[in-house]
């Protein structure tokens, strides 16, 4: 077998493995979110839709900035009259602030649950609805079995799921396609003028299924996400953050 034939066979096997693992393949209708070099760390160089994304926050500040960053992602995903279901038992969200990230609050259905296990049940059921663009759940803890049930649901429906863990006691292995950690950075004003600028984050991809972990500083502007600095790849990262106390 010639070298070119072997390489073509390897490429076909890689694509097949991604398909079998539930990773959507690159196509013309997939959306570029605007995360710049960070987006290239994902399989096929595009933000994966139809999978579960896991976000980690260790305090109230990180919870707030994670919600803002996710709102920016939703603004891209829902730009064609999409619908999102936001499920939580915390009741700390200010829906009107979503307009800053290009999301119409009326396009989000907010569901309030009393118990965390009900939040996960409601998310799994919502993920089965093919007419929905995205589903988000705010919880304290996610384990592998729960994440696997959610991943199986999105593999059938194609809906994108987000799980935001607030101050988890311990980070466990999950079936999620990506694990994110968002922290706040000082906003930047053009020409060093005084005032408050657009939101600015340090975005860390702690885990990327079939991709490369890394981090990048990203800001939000009137045109959407804008990377500030080139990505710092962390190919030797492990799961990390196993015990957060």
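Only residues that are buried (at least 18 other Cβ atoms within 10 Å of the Cβ), modelled with pLDDT under 95 and under 21 Å from residue 118 (Cβ atoms): list them for the range 73-92, please.
Correct list: 88 only.
Is one or more of the residues making up the range 185-204 modelled with pLDDT of 90 or more, surrounded by 14 or more Cβ atoms within 10 Å (Cβ to Cβ) and touching a helix residue (DSSP H, G or I) at 6+ places or on another chain (Cβ under 8 Å)?
Checked the range 185-204: at least one residue is modelled with pLDDT of 90 or more, surrounded by 14 or more Cβ atoms within 10 Å (Cβ to Cβ) and touching a helix residue (DSSP H, G or I) at 6+ places or on another chain (Cβ under 8 Å).
Restricting attention to the range 31-60, and to residues there that are outside any loop (DSSP other than H, G, I, E, B) and at pLDDT 90 or above, which single residue is farthest from residue 145 (Cα to Cα)? Don't jump to the end; show me each part of the working.
Applying the first criterion (outside any loop (DSSP other than H, G, I, E, B)) to the range 31-60 yields 36-41, 43-45, 52-57, 60.
Narrowing further to those that are at pLDDT 90 or above: 52-57.
Values: 52: 13, 53: 15, 54: 14, 55: 17, 56: 18, 57: 21 Å.
Among those that are outside any loop (DSSP other than H, G, I, E, B) and at pLDDT 90 or above, it is 57.
Collect the residues in the range 139-177 that are free of Cβ contacts under 8 Å to residues at least 60 places away in the same chain and closer than 20 Å to residue 63 by Cα, keeping them in residue-number order.
139, 140, 141, 143, 172, listed by residue number.
For the range 105-148, name all the residues that are crowded, with 16+ Cβ neighbours inside 10 Å, in contact with a helix residue (DSSP H, G or I) (Cβ under 6 Å, 6 or more places away or on another chain) and in a helix (DSSP H, G or I).
Those that are crowded, with 16+ Cβ neighbours inside 10 Å, in contact with a helix residue (DSSP H, G or I) (Cβ under 6 Å, 6 or more places away or on another chain) and in a helix (DSSP H, G or I): 120, 124, 127, 146.
The values are calculated or read from the model by the stated rules, or taken from the named source; none is laboratory data. A quick note: this is a predicted structure, and the numbers were derived from the prediction, not measured. Using ideal geometry, Cβ is built from the backbone for each residue, glycine included, and neighbour counts are taken over all protein chains shown.
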